[in-house]
Structure formats: C-alpha cells, structure tokens
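Just so you know, all these numbers are worked out from the coordinates, no wet-lab data involved. Values in this document were obtained by computation on a predicted structure and should not be read as measured data. Here the Cβ positions follow ideal geometry from the backbone for every residue, glycine too, while neighbour counts run over all protein chains shown.
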Amino acid sequence: MTPKPTPNRWRYAVAGLIMQLCLGVIYSWSVFRGPLATLHGWSKSDTIAPYRYSLLFFTFGMIAAGLWQDRKGPRLVGSVGGILLGAGCLLAAFIGDTKTGLIFSYGVVAGVGVGFAYVTPIATCIKWFPDKRGFIVGLSVMGFGVGSLIFAPLLEALMGHDPSQLSVTIPRTFLIMSGIFFVCVVGAAQFYEIPPPGWKPAGWNPPAGTVGAKVEYPPAEMLRTPQFYMLWLTFFFGTSVGLTAIGEATPIIQELAKRDAVMSGGAALGIMSVCNGLGRLGWGSLSDKTGRNIATVLMCCVSMVACVFFLRGPETFWQALIGLCLAGFGYGGYLALMPSFTADYFGPKNVGANYGIVFSAWGLCGFIVPGYFAGIMDKAKQAGSLAAGYNEVYFTLAGLAAIGAILAYAARRPRAFL
C-alpha cells in the first residue's frame with residue numbers, strides 16, 4: 001500500500017495566519033470605548049471591563065483547549081473556538097446594551113472562543129516546524145497582532161460618528177462580526193492536522209544543546225520546575241506595558257486627534273497593530289539566531305523606552321503614536337517567544353497544554369493591570385491632574401518591564417535532574 005504523502009507544511013502556517021487575523025479583533029476593543037461611553041455614559045473603568053474579561057476568559061479557554069487539542073487534535077478545537085467567538089458577538093448584538101450583558105457575551109463567551117481557537121495554530125505549527133520555531137510562531141501569531149489593521153477601521157466605519165445612531169450601529173456591528181467569525185475562523189480550522197509520529201523535516205536533527213535535558217514534560221511535571229515560574233513572571237511583567245497601551249490607545253488618540261486632526265483613532269490603532277505584528281515576526285526570527293533570552297531582554301528594553309513617551313501624558317499626536325508603536329512592537333514579541341520558550345524548555349509533545357498554562361500569565365496581566373491603571377487615570381482626571389496619573393502609571397509599567405528583563409536573562413533550560 002502506497003503511504004500517504006506528507007502535505008506541504010506551509011499550508012498550516014497560511015491557515016493559522018488567516019485564523020489569527022480574525023482573532024486579532026480582540027485588540028480592537030478600544031474602538032468601542034468612545035461610542036459606548038457616548039451612548040451609555042459609562043466611565044473609563046466601565047468601558048474597559050469587557051476587554052479585561054475577554055483577556056481573562058481567553059486564558060481560561062486556552063488552558064482548556066490546550067489540554068483538549070493535545071488529545072483530540074486542532075481541527076475540532078479550532079472549530080469550537082470559532083463557533084463560540086461568533087456566538088459571543090451574536091449575543092452582544094442583543095444583550096450588549098448593559099455592562100453585565102456585554103461582559104458575558106463579548107468578555108466571557110467570545111473570550112473563551114478566542115482562547116480555544118488561538119492555541120490550535122500555534123501548537124500545530126510548532127510540531128510541523130521544529131527547525132524554525134521562533135520564526136513560524138511569530139508568523140502564525142503575526143495575524144493576531146495585525147488584526148486591528150483590518151478590524152479597527154472597519155469597526156469604526158460600521159459604528160459611524162453620529163451619536164444618535166449608535167443604538168443601532170453598535171448592535172449591527174456585532175452582528176457583522178459574528179458572521180465573519182463563523183465563516184472564517186471555523187473555515188480555517190478545517191485545514192489543520194498534526195504530523196505523523198516520528199516526522200521531522202528532511203535533513204534536520206534536534207540541536208546538540210538539548211543533550212542532558214529532559215525532552216518532554218507533561219503539565220504536572222512542568223509545574224514542578226522553577227523555569228515555569230520564571231517564564232510565567234517574565235510573561236506577566238513583560239506584557240504589562242503593551243496590554244495597557246492597547247486598552248488605552250483609541251481614547252488617547254481620539255483626544256489628541258481633536259486638536260491635531262492627523263488621522264482617526266481606528267487608523268492609528270491599525271498602525272500600532274502593524275508594529276505589533278512585525279514585532280511577533282521580527283523578534284521570533286531574531287530569537288532563532290540570538291537565543292530567546294537575549295531577544296526577550298531587548299523586548300523589555302523597547303517597552304521601557306515606550307513608557308518614556310507617556311510620562312506626564314503625550315502632548316502631541318505623533319508623540320502618542322510613536323509611544324504606542326514602540327509598546328506594540330516590544331509587546332508583540334512575547335506572543336511569539338513564549339510558545340517557543342515553552343516548546344524549547346518542556347518539549348513539543350504537550351505544548352498545547354503547557355503553553356495554555358504559561359499563557360495564564362498574559363490573561364491575568366490583561367485582567368488586572370489595565371483595569372488597575374484605568375482606575376488610577378479616572379482618579380487623576382477627577383483630581384484635575386492627568387499628568388500625575390500618567391507619571392504613576394508609566395513609571396510603574398517601566399519598572400515591571402525591567403523586572404521581566406532580569407527574569408528573562410536568568411532563565412535557563414531545565415536539566416535532567418529536575
């Protein structure tokens with residue numbers, strides 16, 4: 001019997017990129033914040049709440065999906081993720097006129113859907129591309145970062161700028177999003193499959209540096225290593241700048257655009273998303289050459305420089321845009337390097353489950369940090385001292401990025417005796 005030919009592995013990278021472009025809508029949430037505040041009179045803390053919950057439940061979904069897809073395969077899990085994401089947006093069209101309804105529909109249901117779908121192309125591509133993990137994960141998740149380039153202007157156009165029409169255009173926008181996700185995310189998932197046992201690229205052998213290291217760690221064993229906690233904390237502290245900047249991007253840009261009138265908030269968020277996407281591909285590729293540790297330290301340094309542009313508050317449109325682009329560029333690398341770190345340290349076999357657990361750092365950071373700093377900015381605004389609020393927020397964020405750099409520099413692969 002003639003053996004089944006091995007398919008071209010790049011098809012999985014293309015399918016993953018398409019799926020991640022859709023999932024990247026989560027980074028466009030700040031486009032909704034102004035219209036929701038105008039329509040309902042909600043505060044900054046209110047309008048960022050669905051974003052925070054979507055990141056948290058994204059993480060819960062990813063942990064569950066990672067465990068499930070390692071057993072059942074990426075096609076089923078990715079399809080369920082697309083169905084949940086579409087269903088969450090559909091629900092938001094009908095119950096999204098209250099904070100509780102929007103948190104449940106977009107934050108919980110859609111957030112879980114993003115988590116289910118997000119892990120599948122990463123785990124699939126890592127297994128098909130052991131020879132270039134940093135690059136291929138960066139390429140796969142680049143779509144997630146660049147998604148705002150498509151969705152931010154689209155959502156802005158769908159909602160429009162007429163306050164009297166927002167009660168109609170916001171639900172309609174969620175309906176259109178629902179249809180896109182049902183078709184594109186579920187459709188892309190149908191292309192996924194895992195390589196046959198023992199498969200490896202022609203002419204490739206595992207690097208010599210892995211000798212003496214334990215090759216595969218199931219989740220329970222991974223949790224007993226100090227390296228897991230170092231990676232987890234690096235992820236938490238390192239992404240704090242980017243997640244906060246993404247959540248605040250459109251409100252900052254819209255306020256400055258009123259004065260400078262350079263471009264819309266959605267267009268600026270799209271430019272930031274390009275930097276986010278390029279960061280994923282660029283840092284991932286660089287890490288294949290310099291090592292993950294050095295690349296992560298450099299990413300933390302870029303994030304600290306980004307904070308400088310927000311101290312005392314950005315005074316010009318271009319100052320804000322440069323700061324946001326640097327924050328996005330530095331932040332994007334974590335979404336490429338952390339799956340590669342996880343596969344390097346704990347093996348590719350259980351990477352879906354293991355990275356889902358490591359990814360909980362991102363979800364908790366996204367839930368805690370932007371909300372905490374939004375509260376600081378609300379208080380500063382009420383006190384009439386926004387400059388002091390910006391100082392407190394971005395000095396603290398720069399400090400968190402510095403801690404991430406120290407941890408990343410110190411991390412080393414687990415050895416066999418662990």
Legend entry - C-alpha long axis of helix 74-95 to longest principal axis of the chain, angle in °: 10 degrees
Legend entry - Helix axis angle, 133-159 relative to the chain longest principal axis, alpha carbon, degrees: 20 degrees
Inset, instruction - Using every pair of alpha-carbon atoms in the stretch 282-418, split the distances into 5 Å bins beginning at 0 and state the percent of pairs per bin, rounded to integers. - result: 2, 10, 15, 20, 19, 13, 9, 6, 4, 2, 1, 0
Legend entry - Net dipole in debye of the chain [+1 Lys, Arg Cβ; -1 Asp, Glu Cβ; about Cα centre; nearest 20]: 1080 debye
Inset, instruction - Quick one: angle between helix 240-260 and the longest Cα principal axis of the chain, in degrees between 0 and 90, rounded to 10, please. - result: 30 degrees
Legend entry - Residue-span extension gain [A37 to T100] - 0.36 nm each, minus C-alpha spacing: 21.2 nm
Inset, instruction - Let me know the charge dipole size of the stretch 91-177 about its Cα centre in debye, to the nearest 20, where only the beta-carbon of Lys, Arg (+1) and Asp, Glu (-1) is charged. - result: 340 debye
Inset, instruction - State the answer as a single residue: which of G332, F57, G284 lies farthest towards the positive end of the charge dipole of the chain, with beta carbon charges of +1 for Lys and Arg and -1 for Asp and Glu, about the Cα centre. - result: G284
Legend entry - Under 16 Å from K349, Cα to Cα: aspartates and glutamates that are on another chain or at least 8 residues apart: D70, D131, E193, E216, E221
Legend entry - Longest segment of the chain lacking GluC sites (Glu not before Pro) that sit in a DSSP loop with at most 13 other Cβ atoms within 10 Å: 1-215
Inset, instruction - Grab every C-alpha pair in the stretch 124-180, bin the distances at 5 angstrom width from 0 up to the longest one, and report whole percents. - result: 4, 17, 17, 14, 11, 10, 9, 7, 5, 4, 1, 0
Inset, instruction - Any chance you could check the Cα centroid distance between the stretch 118-145 and the stretch 71-112 for me, in angstrom? - result: 23 Å
Inset, instruction - Just the number, please: Stokes-Einstein D of the stretch 314-386 in µm²/s, Kirkwood Rh from C-alpha pairs, 4 °C, 1.567 mPa s. - result: 86 µm²/s
Inset, instruction - Report the percentage of all Cα-Cα pairs in the chain whose separation exceeds 35 Å, rounded to a whole percent. - result: 24 percent
Inset, instruction - Measure out, as a whole number of angstrom, how far apart the alpha-carbon centroids of the stretch 304-362 and the stretch 270-295 sit. - result: 9 Å
